[in-house]
């Protein structure tokens, strides 16, 4: 979220970048900005930010708008958003680059992965009824199948889930669940083509899915937010000293020693990225309103929810005070407060404002995107 240019790239790169087998699978999964746990299982949570990043890139892209009059920028960007979602669209600058990215991502990442996992696990599960019949069904399903064909082919998959539950094979149960969720997501995405075109506000306060106007996504809302936020930015998290070498924060869990435990790399990443978002969003206030899904999609930690019970374990070493306080605002929107003794060590600095002195001797962190910790970008400048 510090490097929005990199974030845009992760919303538009080829699906093959997000798939790997064997030892490389965890790394491939970690690079997915739109994750199974938050995106598929949680009704496309994170989609609004992704679409806003896409809109900001194409609204303010000099190479696309050099020959485009001001009045044409918004309609052209609307077509880019339609193209990225896989919807019917008109040709416009940028549409060819992003066309069908989201449905292709759902198919070539989540659906393809689930099909491969189901087939592999079924072959390894000998004590399962109708195993051969289910394998035959799976072998005739392709991620490239048109949606009506997919819907027809998976009619027997719910019974596979029941058979998988009987085996108590958690990996197989998860794979079947992901297969069904991937197809369902394609169905739900197709339905959104109509709703995204609606006006920003309806007189009855409802859209066709029963969501209120504050939560619903429309092209008008995305474009309005994109204009308000401006071009994509690149920023650094800068610290006056190594925040972990000084052992300022430790982890206190049930059964741990009185002096706590040192932090794991993924936990350090959680604290650094949460600090960065807090500083960017607090606007001079004590609390910052944040979207927990957007931060979770940036982290290495899987399906992190910013629950108060988990955050309580991170405490200042000298005083024992809780480092991060989280309050639920609504849905996945949280209010965060971080201890001033910690946040005073940091600042957010724009790419163009990082001084030569800071490059020589200060501690600064470059955002390398999802799949990497901020520590991986320590003392690295944007190219």
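Kindly check whether there is at least one residue in the range 348-359 that is modelled with pLDDT of 80 or more and closer than 30 Å to residue 43 by Cα.
no
Output the residue which, of all residues in the range 114-128 that are over 19 Å from residue 143 (Cβ atoms) and touching a residue at least 24 places away in the same chain (Cβ under 8 Å), is surrounded by the fewest Cβ atoms within 10 Å (Cβ to Cβ). Give the derivation first.
The initial filter retains those residues of the range 114-128 that are over 19 Å from residue 143 (Cβ atoms), namely 123-128.
Remaining after also requiring touching a residue at least 24 places away in the same chain (Cβ under 8 Å): 125, 127-128.
Details: 125: 16, 127: 8, 128: 18.
Filtering first and then ranking leaves 127.
Collect the residues in the range 81-96 that are assigned to a helix (DSSP H, G or I) and closer than 17 Å to residue 226 by Cβ, keeping them in residue-number order.
Initial filter on the range 81-96 (assigned to a helix (DSSP H, G or I)): 81-85, 95-96.
Answer for the range 81-96, where residues must be assigned to a helix (DSSP H, G or I) and closer than 17 Å to residue 226 by Cβ: 81, 82, 83, 84, 85, 95.
Can you find a residue in the range 247-256 that is touching a strand residue (DSSP E or B) at 6+ places or on another chain (Cβ under 9 Å), part of a helix (DSSP H, G or I) and within 12 Å of residue 342 (Cα to Cα)?
No, every residue in the range 247-256 fails to be touching a strand residue (DSSP E or B) at 6+ places or on another chain (Cβ under 9 Å), part of a helix (DSSP H, G or I) and within 12 Å of residue 342 (Cα to Cα).
Of the residues 328, 368, 336, which is part of a loop (DSSP other than H, G, I, E, B) and in the same structural domain as residue 290 (by TED's automatic domain parsing)?
Working: 328 fails: part of a loop (DSSP other than H, G, I, E, B); 336 fails: part of a loop (DSSP other than H, G, I, E, B).
Of 328, 368, 336, the one residue that is part of a loop (DSSP other than H, G, I, E, B) and in the same structural domain as residue 290 (by TED's automatic domain parsing) is 368.
(1) at pLDDT 90 or above; (2) over 30 Å from residue 365 (Cβ atoms); (3) touching a helix residue (DSSP H, G or I) at 6+ places or on another chain (Cβ under 7 Å): which one isn't true of residue 76, the others all being true?
Here residue 76 meets the rest and fails (3).
Of the residues 133, 129, only one is over 26 Å from residue 38 (Cβ atoms), over 27 Å from the mean Cα position of the chain (by Cα), at pLDDT below 90 and assigned to a loop (DSSP other than H, G, I, E, B); which? It would help to see each step written out before you state the result.
Numbers: 133 fails: assigned to a loop (DSSP other than H, G, I, E, B).
129 is the lone residue from the list that is over 26 Å from residue 38 (Cβ atoms), over 27 Å from the mean Cα position of the chain (by Cα), at pLDDT below 90 and assigned to a loop (DSSP other than H, G, I, E, B).
Anything in the range 134-160 that is exposed (fewer than 12 other Cβ atoms within 10 Å of the Cβ) and without any contact (Cβ under 8 Å) to a residue 12 or more places away in the chain? List them, or say none.
136, 146, 148, 152, 155
Which of (1) surrounded by fewer than 14 Cβ atoms within 10 Å (Cβ to Cβ); (2) at negative phi; (3) modelled with pLDDT under 85 is the odd one out, the single condition residue 191 does not satisfy?
Answer for residue 191: the failing condition is (3).
Looking at the range 276-302 only, could you name the residues that are part of a loop (DSSP other than H, G, I, E, B) and either more than 10 Å from the chain's Cα centre (by Cα) or under 20 Å from residue 364 (Cα atoms) (or both)? Can you show your working first?
Quick first cut of the range 276-302, residues part of a loop (DSSP other than H, G, I, E, B) only: 282-287, 297-302.
Residues satisfying the conditions are 282, 283, 284, 285, 286, 287, 298, 299, 300, 301, 302.
For residue 55, are the conditions met, namely being assigned to a helix (DSSP H, G or I), closer than 17 Å to residue 299 by Cβ and at pLDDT 85 or above?
Considered against the rule, which asks whether it is assigned to a helix (DSSP H, G or I), closer than 17 Å to residue 299 by Cβ and at pLDDT 85 or above, residue 55 comes out as no.
The values are calculated or read from the model by the stated rules, or taken from the named source; none is laboratory data. Since the structure is predicted, the reported quantities are computational estimates derived from the model, not experimental observations. Glycine also receives a Cβ, built like all others from the backbone with ideal geometry; neighbour counts cover every protein chain displayed.
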